[in-house]
């Protein structure tokens, strides 16, 4: 490189670097829009994090719920947004891992069209039964289902959700034939379960625990692969059924593709800081959501691993895209 060109190059690089630093320091200068692709307890927790971020930043962090179409509409909105850090996505494996295997009309690429920011927390997920069902444990439920193949129905919050995948994994590994009844939301499936209209429910601990305390449901197993302090006496399915591997149960944040690294780092710091604040973490813990707070690189690696595992499960279960 000629001396003059080298000087010009260095000056340009310096300007770009200084501009990036200044941009990061000036951010945020206007409200941040967080689009959430789910409803219920998880949305309420995202709202708490947004409120804490608002306090910390002195700039409004506005939560917008777009749970329709399995979260696809919300994901598309973030995909199409400018990569300026003012529109981010809070989503789950149902949208960002499973959807690509369940529809022929995929409108976004979960890897290429988004920038990972952080896996904020994991959800404690359980299997519960109505007291009218004559079983008291997961082992007894499996035996009952084998005795009455195709007769026992169970509810989840929808096709392609982590709960649905957990149920399919149970069918494969335990060799049971049960009828899946997908609902539009976890709240609807919960209401029908406590009313006794459906005997088995796959759902989140936070939503089901009040019904269990009231004696309207019985929690018999964890869908997660490990035990949790809040449900210390509840065994994971994998402890009962050899070969069972629980699906991912996380809430993660993303930006549009090509979000500048400086903004990714700032958002990662602010989201994890808000979720880890004592008053927020206490509510997350009490509701059965365990704060994690990964780096963007860790989330990217988790995404790829989850998608590969989901692909194997979908193929083994014979699930066809619609």
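The values are calculated or read from the model by the stated rules, or taken from the named source; none is laboratory data. Everything quoted here is computed from the prediction, not taken from an experiment. Note that we place each Cβ from the backbone using ideal geometry, even for glycine, and neighbour counts take in every protein chain shown.
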Practice item. Determine whether the stretch 284-296 contains at least one residue that is free of Cβ contacts under 8 Å to residues at least 24 places away in the same chain and more than 26 Å from residue 206 (Cβ to Cβ). Key: no
Review point. Out of 242, 248, which single residue is surrounded by 20 or more Cβ atoms within 10 Å (Cβ to Cβ) and either outside any loop (DSSP other than H, G, I, E, B) or on the phi < 0 side of the Ramachandran plot (or both)?
Key: 248
**Study point:** Filter result (free of Cβ contacts under 8 Å to residues at least 60 places away in the same chain, surrounded by 18 or more Cβ atoms within 10 Å (Cβ to Cβ) and either closer than 17 Å to residue 289 by Cα or within 19 Å of the chain's Cα centre (by Cα) (or both)) within the stretch 206-239
**Key:** 236
Exercise for review: Look at the stretch 177-205 and say how many of its residues are within 20 Å of the chain's Cα centre (by Cα) and not in a strand (DSSP E or B).
Suggested key: 9
Review point. Regarding residue 178, is this residue at negative phi and either without any contact (Cβ under 8 Å) to a residue 24 or more places away in the chain or not assigned by TED's automatic domain parsing to the domain that holds residue 225 (or both)?
Key: no
Practice item. Search the stretch 273-322 for residues being within 16 Å of the chain's Cα centre (by Cα), at pLDDT below 90 and not in a helix (DSSP H, G or I), and hand back the single one that is surrounded by the most Cβ atoms within 10 Å (Cβ to Cβ). Key: 289
Exercise for review: Identify, by number, the condition in (1) modelled with pLDDT of 95 or more; (2) more than 20 Å from residue 27 (Cβ to Cβ); (3) in the same structural domain as residue 53 (by TED's automatic domain parsing) that residue 261 doesn't meet.
Suggested key: (2)
Exercise for review: Scan the stretch 41-74 for residues that are in contact (Cβ under 8 Å) with a residue 40 or more places away in the chain and either within 14 Å of the chain's Cα centre (by Cα) or not assigned by TED's automatic domain parsing to the domain that holds residue 277 (or both) and jot them down.
Suggested key: 41, 42, 45, 46, 67, 70
Practice item. Could you tell me whether any residue of the stretch 156-170 is within 25 Å of the chain's Cα centre (by Cα), farther than 26 Å from residue 195 by Cβ, outside any strand (DSSP E or B) and free of Cβ contacts under 8 Å to residues at least 12 places away in the same chain? Key: no
Review point. So residue 172 clears everything in (1) more than 19 Å from residue 240 (Cβ to Cβ); (2) touching a helix residue (DSSP H, G or I) at 6+ places or on another chain (Cβ under 8 Å) except one condition, right? Which one?
Key: (1)
Point to revise | Criterion: surrounded by 21 or more Cβ atoms within 10 Å (Cβ to Cβ), more than 28 Å from residue 280 (Cα to Cα) and either modelled with pLDDT of 90 or more or out of contact with any strand residue (DSSP E or B) (no Cβ under 7 Å at 6 or more places or on another chain) (or both) - qualifying residue of 1, 98, 53 | key: 98
Check your understanding: Picking from 107, 103, 118, which residue would you name as being farther than 22 Å from residue 195 by Cα, in contact with a strand residue (DSSP E or B) (Cβ under 6 Å, 6 or more places away or on another chain) and assigned by TED's automatic domain parsing to the domain that holds residue 267?
Key -> 118
